[in-house]
Amino acid sequence: MKYNWELQNWPNFRYSFKGIEGMLYDFALETGEVRGILKALPDDVQQEALLQTMISEAIKTSEIEGEFLSRQDVMSSIKNNLGLMAVPEIVHDQKAAGIGKLMVDLRNSYKEELTKEKLWEWHILLLDAMKGIKTGQWRTGDEPMQVISGSIGREKIHFQAPPSSVVPQEMKQFINWFNATAPGGGQEISSAPVRAAIAHLYFESIHPFEDGNGRIGRAIAEKALSQTLGRPVMLSLSKSIEANKSSYYKALEMAQQDNEISEWLEYFVSTALAAQREAKSLVNFTLIRTRFFDQYAGRLNERQLKAVNKMLDAGFDGFKGGMTAKKYISITRTSKATATRDLQELAEMGVLLATGAGRSVSYDLKL
């Protein structure tokens, strides 16, 4: 079997819009609606929605690669790099610090042309904390770059990328293509999800780095979306991908066997649409959160406020397992009696909703 880059027509991707016209129309509607909702909201609510979206993207793009980062560290890194903190918060995990910087730079530089130097900069941010990885350069060496699954002795090769010797030329061609397909370019692709889909597939098929290709490839897809829309995109593509990783890897593997990529576009556009719809839910949750604090903040003691903030920081997916007395004690460093009393007060106020009874009682936010 030959891979896409080995075929004579590489990288002249062919595709049809049949089957995705409706999704493209819906994506445009959803994107416009989210933008309209945001513009009608106070600046602080807009800022909070942006923050939560970037946190989600940073965490989920890492989870796709099997890397689980501290939400608090990621949030602190993004806040620091957005300039939201008068006194920068301490970030303990350098991986979280790096992905936070990348997310902010990706948003701030979306209008700029893509360059080799920018990709190398992102690679350093992502992986400089990891020992043994050559960062800020294309991969080298004679060993084949393969995407493999399975245990030792039972490996399955899903894809083999071009040899390292041709990567510099392949990436020069990719970067030229990316910039030419941007708004106003000589080969402009006017559909944001279509351009992002091709950009992601094209980059992943070259696999130019020793490690980190997936995360940088998803950042490139987000840059393509933002550039083509003409504004920073408000969604977490990685969150939608991570929800069904097997479909993502299967679609990518199939697309890397041919340069007719209509099925890949169908997968990617549907994923982008799901991400945009989820972003709308997140914006609505952010507004609910703001109204919640307007109603209750002055009635909560310091411990209760700290615990409720912790629950809200979990986002609209919810605080896993609910709040329990044990978790409350851990968060607030208080006694069991005080924790029980505080939680009961929150339930009586209508802030929390209790489920279960006795030692198995837990509480969810009543939003």
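What the table below lists for this structure:
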| item | result |
| --- | --- |
| Hits in segment 314-367 - residues which are touching an Asp or Glu at 6+ places or on another chain (Cβ under 6 Å) and in contact (Cβ under 8 Å) with a residue 24 or more places away in the chain | G322 |
| So P162, is it touching a Phe, Trp or Tyr at 6+ places or on another chain (Cβ under 9 Å) and surrounded by fewer than 22 Cβ atoms within 10 Å (Cβ to Cβ) | yes |
| Residue list for segment 1-31, filter: of a type in the set (S, T, Y) and part of a helix (DSSP H, G or I) | Y25, T31 |
| Positions within segment 301-346 being assigned to a loop (DSSP other than H, G, I, E, B), over 22 Å from S360 (Cβ atoms) and among the polar types (S, T, N, Q), in sequence order | N301 |
| Sole residue being in contact with a strand residue (DSSP E or B) (Cβ under 9 Å, 6 or more places away or on another chain) and of a type in the set (G, A, S), chosen from A347, A357, A279 | A347 |
| Residue count for segment 252-299, restricted to those that are among the hydrophobic types (A, V, I, L, M, F, W, C) and farther than 19 Å from A314 by Cα | 11 |
| Qualifying residue in segment 164-178 (condition: farther than 30 Å from V283 by Cβ, charged (D, E, K, R), in a loop (DSSP other than H, G, I, E, B) and touching a residue at least 24 places away in the same chain (Cβ under 8 Å)) | no |
| Yes/no for L51 being over 30 Å from R291 (Cα atoms) and either surrounded by 15 or more Cβ atoms within 10 Å (Cβ to Cβ) or of a type in the set (G, A, S) (or both) | no |
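Residue-by-condition table, conditions (1) in contact with a strand residue (DSSP E or B) (Cβ under 6 Å, 6 or more places away or on another chain); (2) of a type outside the set (A, V, I, L, M, F, W, C); (3) surrounded by fewer than 21 Cβ atoms within 10 Å (Cβ to Cβ); (4) outside any loop (DSSP other than H, G, I, E, B):
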| residue | (1), (2), (3), (4) |
| --- | --- |
| Q72 | no, yes, yes, yes |
| N80 | no, yes, yes, yes |
| V91 | no, no, no, no |
| Y110 | no, yes, yes, no |
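Laboratory data are not the source of any read-out in this text; all were calculated from the coordinates shown. Please read these numbers as outputs of a predicted model, since none were measured by experiment. Cβ atoms come from the backbone with ideal geometry, glycine included; neighbour counts cover every protein chain shown.
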